[in-house]
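What follows is a single structure, written as structure tokens, with notes after it.
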Amino acid sequence: MEKKKVAVPLVCHGHSRPVVDLFYSPVTPDGYFLISASKDSHPMLRNGETGDWIGTFEGHKGAVWSCCLDTNALRAASGSADFSVKLWDALTGDELHSFDHKHIVRACAFSEDTHLLLTGGFEKILRIYDLNRPDATPREIDKSPGSVRTVTWLHSDQTILSSCSDMGGVRLWDVRSGKIVQTLETKAPVTSAEVSQDGRYITTADGSSVKFWDANHFGLVKSYDMPCTVESASLEPKNGSRFIAGGEDMWVHLFDFYTGEEIACNKGHHGPVHCVRFSPVGESYASGSEDGTIRIWQLSPTSSEDHEATNQNSNTNSQHTSNGSTTGKVKAGVSEISRKVEGLHIPKDGNGES
């Protein structure tokens, strides 16, 4: 009955436990990068285009729930069940700072200007750290009505968006006053919230629906019922005509933004899909699953056969030698970065290798 072409993704191995968060950097002079968070406590950095493993950040002692890169992909941050958020040098893998919390941290986000780091979690407190003064006491906004699940910045760092694990809705905070200025109402807790690349839309996933909100006037633009409970959704960044969603049925669904019609259903994961994100150029998208793998899907392969050949070549490229350096064809700029990050450590059990 299946008439749609079967997509063959790039499969990125390495994590030994479920992958729970993915984050793409913007396009940099060296390409763009993908960082992943996993319950195995080891965030990983990859070439966002090929999926090639670059390095593993070591230091957390608990599940890592959230990860992000700054605008220039020079620093990474990760929030963990070990009650900390760690700031990393994305070129060397060195831990630059560890910000202690009093409970599990579920979310973290760099400000657009890269000077601030926002965190949230089970404490029901939003914290803003000044990265120019990492030892300084953070600013705390402590009126979150529930445990914080997601955080992000919008309006050139003038507004904070947060959602809670135990109640519906998305709250918009004025950074200057620390007050909630708007609540976007949803029936179920929002498990994924993303601001579109052009700043026009907020994409949320709650229960079995994906919603699109006007990021400036906060009205509901579109709401679509999904075929299953979804955990994550992402809007194509270039023309915004398509979006992806993933959840309990283990599939990655591609939909038309204007009609809600399903365009493709990508099968391959062997567990629920916890996170999906479009690459910054919009030509591919990544999914992370309970099965411990990341899969990178091409948006519009010319044919299944061509895509499979590309996949085989890229998988060859993503093999690594025992000392952690990448082999195969990678863009010159990314190869240079790969050499720079040879200081990133590979876990002794081999979890860092593709």
Exercise for the section: Go through the residues of the stretch 229-236 one by one and say whether even a single one is over 23 Å from Gly79 (Cβ atoms), open to solvent by less than 60 Å² (accessible area, probe 1.4 Å) and under 15 Å from the mean Cα position of the chain (by Cα). Expected result: yes
Problem - Identity of the residue in the stretch 270-303, in a loop (DSSP other than H, G, I, E, B) and among the hydroxyl-bearing types (Ser, Thr, Tyr), that ends up surrounded by the most Cβ atoms within 10 Å (Cβ to Cβ) - result: Ser279
Exercise for the section: Hey, could you check the stretch 247-261 for residues that are closer than 22 Å to Ser279 by Cβ and touching a Pro at 6+ places or on another chain (Cβ under 8 Å) and say which is most open to solvent (accessible area, probe 1.4 Å)? Expected result: Met250
Practice task
Residue by residue through the stretch 237-273, note down the ones that are under 17 Å from the mean Cα position of the chain (by Cα) and farther than 15 Å from Met226 by Cα.
Solution key: Pro237
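Here's the yes/no breakdown for (1) among the polar types (S, T, N, Q); (2) more than 23 Å from Trp297 (Cα to Cα):
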| position | (1), (2) |
| --- | --- |
| Gly31 | no, no |
| Met44 | no, no |
| Gly51 | no, no |
| Thr56 | yes, no |
| His60 | no, yes |
| Cys67 | no, no |
| Asp70 | no, yes |
| Ala76 | no, yes |
Practice task
Could you tell me whether the stretch 16-25 includes any residue that is of a type in the set (Phe, Trp, Tyr) and over 20 Å from Thr114 (Cβ atoms)?
Solution key: no
Fill in the blank from the handout: Expected output for the stretch 281-310 (first residue closer than 21 Å to Glu236 by Cβ, partner acidic (Asp, Glu) and modelled with pLDDT of 95 or more, Cβ below 6 Å, 6+ apart or cross-chain) is Gly282/Glu236; Leu299/Glu283
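The values are calculated or read from the model by the stated rules, or taken from the named source; none is laboratory data. All values derive from a computational prediction rather than experimental measurement. Note that each Cβ is placed from the backbone with ideal geometry, even for glycine, and that neighbours are counted across all protein chains shown. Remember, those area values only see protein heavy atoms, side chains included, never the ligands or the DNA or RNA. Shrake-Rupley method; radii C 1.70, N 1.55, O 1.52, S 1.80 Å.
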